[in-house]
Amino acid sequence: MSAQHSVRLTQLLSARDEVLAAWQGRVREEIPYACSISLPALVNTLPAFYEHLVLTMTGAEEPFDHARIAAEHGGQRARVTRFNAGSIVHEFQLLRSAIVDTWDRLGIVLDLDEVGRLNQAIDVALRESLTGFSTAQVQIREQFFCALTHDLRTPLAAATAAVTLIHKTNDAVRIQQMAQIAMRQHARLATMICDLLDMMVFNAGPATLDVTYTALLEPVNEAVASVAFSSGRDIRLDGAPLTGQWHAEAIRRAVENLLNNAVKYSTKETPIDVGVFAKNGAAVIAVSNTGPPIPEDQTEAIFQLFRRARGDGERGIAGWGIGLPYVRTVAEQHGGSITVDSTPARTTFLLALPLDRI
């Protein structure tokens, strides 16, 4: 590489952080749901993409592997975020403008050859990113159909077998045992179908909810009573009387999902705690339980549709990864958020809803 190209390479690489900061600000401002994505998940492979872009523009001999990098980026957008194809196109357009504007502000002047290479690289990256996005969506649909055929079939078969045995026996004790099995399996089916219907309604519905003034403790109380009855667990509620513009039924279902999640991952002897309080202009619903901590590298994955915590299948924990994504959807459509704080001693989910939506 010539001395001139070496200086240009150093100059462009040193601008990386400023370019990405400008891009990040524009993406969070212009693309829906981007504000709820953590910075590492939002930036994803773009630092590596930028470096390869610079290598190409300066004529360096290193291979410009933007196709692989961009495909990984698109797949991540499908699996981890709520971006759609239009959002991906938009974010690459914003990246192009962030690069041009930042370089111009830093006094970096491009010749016609460099402009052509820049545009070609971003166009290729956009195409490959959309391909990766589409491929990941196909995989997600395949996971869904696998879950649908397996996870629904298992409790249905168990309930059917129990009812068949009830029909064939006159033993009162045996009948009671089989009836309890059938009831548990039907309750499991009902929960899974409700979760699926919830997600279908929200994904097909409007971007905003039809909210009304709601006393938050009412839907939370309903959720606590329902899950406590169905699970037989001790659920303790400590709540402040808060009123705001919310969708009561959506909140009730979201809290039920959080409570059912707490039931799954804690032992019967331990209580589950629910708190309702105001903090930083938001109403916060905290659902807390003891049990194994969530590994840090899975705190984003558990909010992805049809994804479950690693090892759930081996531990016999039922579900198909709809509950927590539904909670995130409810939070975001209220303009709020869902976060998790997990330590070896305790796991707490925090559902934050703005107190003032005006």
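The values are calculated or read from the model by the stated rules, or taken from the named source; none is laboratory data. On a predicted model such as this, the values are computed, not experimentally measured, just so you know. Cβ placement follows ideal geometry from the backbone for every residue including glycine, while neighbour counts extend to all protein chains displayed. Note: areas computed on protein heavy atoms with side chains; ligands, DNA, RNA excluded. Shrake-Rupley method; radii C 1.70, N 1.55, O 1.52, S 1.80 Å.
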Looking at segment 311-358, which of the residues that are basic (Lys, Arg) and more than 27 Å from ILE140 (Cα to Cα) is modelled with the highest pLDDT? ARG346
State which residue is farthest from ALA70 (Cα to Cα) when the search covers only segment 38-50 and only residues that are surrounded by fewer than 16 Cβ atoms within 10 Å (Cβ to Cβ) and of a type outside the set (A, V, I, L, M, F, W, C). SER38
Got a sec? Which of ARG141, ARG127, ARG153 is farther than 16 Å from ASN257 by Cβ, basic (Lys, Arg), at pLDDT 90 or above and open to solvent by 60 Å² or more (accessible area, probe 1.4 Å)? ARG127
Quick one: ALA162 ticks every box in (1) open to solvent by less than 30 Å² (accessible area, probe 1.4 Å); (2) at pLDDT 90 or above; (3) farther than 30 Å from VAL287 by Cα bar one, so which box is it? (2)
Residue list for segment 212-227, restricted to those being modelled with pLDDT under 90 and small (Gly, Ala, Ser): SER226
Residues that are outside any loop (DSSP other than H, G, I, E, B) and closer than 18 Å to THR191 by Cα, drawn from segment 219-243: PRO219, VAL220, GLU222, ALA223, VAL224, ALA225, SER226, VAL227, ALA228, PHE229, SER230, SER231
Every residue from segment 339-353 that is assigned to a strand (DSSP E or B) and in contact (Cβ under 8 Å) with a residue 40 or more places away in the chain: VAL340, SER342, THR347, THR348, PHE349, LEU350, LEU351, ALA352, LEU353
Index of the failed condition, GLY291 passing every other in (1) crowded, with 16+ Cβ neighbours inside 10 Å; (2) in a helix (DSSP H, G or I); (3) modelled with pLDDT under 90: (2)
Would you tally the residues in segment 117-135 being without any contact (Cβ under 8 Å) to a residue 60 or more places away in the chain and out of contact with any helix residue (DSSP H, G or I) (no Cβ under 7 Å at 6 or more places or on another chain)? 4
Residues located in segment 80-116, provided they are buried (at least 19 other Cβ atoms within 10 Å of the Cβ) and either of a type outside the set (Gly, Ala, Ser) or without any contact (Cβ under 8 Å) to a residue 12 or more places away in the chain (or both): VAL80, THR81, ARG82, PHE83, ILE88, GLU91, PHE92, LEU94, LEU95, ILE99, THR102, TRP103
So THR56, is it assigned to a helix (DSSP H, G or I), at pLDDT below 85 and hydroxyl-bearing (Ser, Thr, Tyr): yes
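Being at pLDDT below 75, touching a Gly at 6+ places or on another chain (Cβ under 8 Å) and part of a helix (DSSP H, G or I): is that true of ALA136 here?
no
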Restricting segment 245-267 to residues that are out of contact with any Phe, Trp or Tyr (no Cβ under 7 Å at 6 or more places or on another chain) and not in a helix (DSSP H, G or I), the residue that is surrounded by the most Cβ atoms within 10 Å (Cβ to Cβ): TRP246
Looking at segment 10-37, which of its residues are surrounded by fewer than 17 Cβ atoms within 10 Å (Cβ to Cβ), farther than 20 Å from GLY86 by Cβ and hydrophobic (A, V, I, L, M, F, W, C)? LEU13, ALA21
